[in-house]
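The values are calculated or read from the model by the stated rules, or taken from the named source; none is laboratory data. Being a predicted model, the structure only gives us computed values, none of them experimental. Note: areas computed on protein heavy atoms with side chains; ligands, DNA, RNA excluded. Shrake-Rupley method; radii C 1.70, N 1.55, O 1.52, S 1.80 Å.
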Amino acid sequence: MDSRQNLPPEILLSIMEELRDSTPSLETAALSPHIASYVNWLVVEQLDVREICGLIKDGTSIPEVSYLQSRDAIKIASILGSSVRELGISVYPLDRNNLEFLKQMKRVETLRIEEIDEVPIDILVELIQGMRNLTSLHLFGGEKDLHAEEYENDRLQVLKDITATPNGAPSAETTVDVPPLRLTRLTLDRTEHRLGLLKFLLDSKYFDLGVLKDLDLTWMQAEDQFRITTLDYTFLDRLFRKVGTTLNSLTVGFHFVGWCSPPHDQYIEHYTTNAVVSPLECLVNLESLCITDQGHNFFDLSVCLVLLDSIPSSSLARIHFKTLIDADDFTDMIPVSFSHPEEDPGRPWKAIDTLLRDENRFPVLRTVNITVALEFNSKACIKEMVDRVTAESIDQTSMCIVHLFEDNLTSLKERGLLNVAIVKLDLNFTGPEFVFWKWGD
């Protein structure tokens, strides 16, 4: 009997960890069917080799070379396809030349795609049509600069397509006669400017959103919104109305820049100005609401307040705030986010405390969680003595943050609803994604 058959997965993982810095060893291990059969989570990354290689002397482009197109890659993909359940894709360009490898992952349940700005709809259709177990889809944009002219052209094209093909099919070539995918979890991070993508997700031939339980939505920065003459809310409105009565968990994310007040958010205005007709009124069974800010900020509290005031609250049991700050900037943020009511009654956290303590408005509220990712870089410290001082200062800052929240959210603390967690985010080892998005449920 092959001795490798007796090695438990934990030992194999330890071996792989030891080999992580040895590319030849990893390549050899990757071609072993025995090792590949244990891979449940796979992230495929490929840079744009055209930017790396540039041009040859006569000015012509160097042909793109992709490992994903090689025989070895296709061979290992056929083995991985039977075991991979969670697949991350960060491939540029994502086109038909790279699809053969990715299409082998037919048992994927969770799919994450980066740089969705650049992925044509027909490529996306071809990629996922064989993933019949897919229930969790996460699309991330925001890498491409937004141009008002492109947005307007896209908007007009989508309107034209709707008129020409009312059933919403992307094209005759990509239409497939298979049951729609039943998604339970959906993430849309700065994708709302791709109106054709939203239209595709709402197409009942491809997706059944009637069982969607978890929606994570982050729209473009307010700065980008003001570059566009006419923002089109049609498809986001349809999404809320389509999933509103079944949705249990909603995450609304922002990318505010700096700790100063950001420009006016037009999406917030659209969804909160008139609560009676807002699509948010459809969220009648919402149990969990999370508000996140990934812009090194202690939240724009006016946004938090207006959202909490606009979303149906009779079933809300869990409210979660997540934010990211730089440890070095913490002192400057205190006066802005923790001002006393008499100084600035519209911004203090005490206003949040006053709102959430109303048991008539929030009759089943059980927990209010606040997660602060405290960002620092341990490699910035050279000497061991400095390392110890930095560790101590991070601990002190963490305790200070906890005390500030507990001192301002007194009603929630007294009722035992408040939980404040500090995540120490050493940029030398990980990034903000560790806090704001995680694999699996």
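Descriptive notes on the structure:
- Distant-in-sequence amide contacts of His193, defined by a placed amide H-H separation under 5 Å and a gap of 5 or more residues or a different chain, comprise nothing.
- When the surface is traced with a 1.4 Å probe over the full set of protein chains, Met399 keeps roughly 100 Å² accessible.
- Cross-link check: pairs Lys350/Lys424; Lys75/Lys424; Lys103/Lys424 evaluated at a Cα-Cα cut-off of 29 Å; pairs beyond the cut-off: Lys75/Lys424; Lys103/Lys424.
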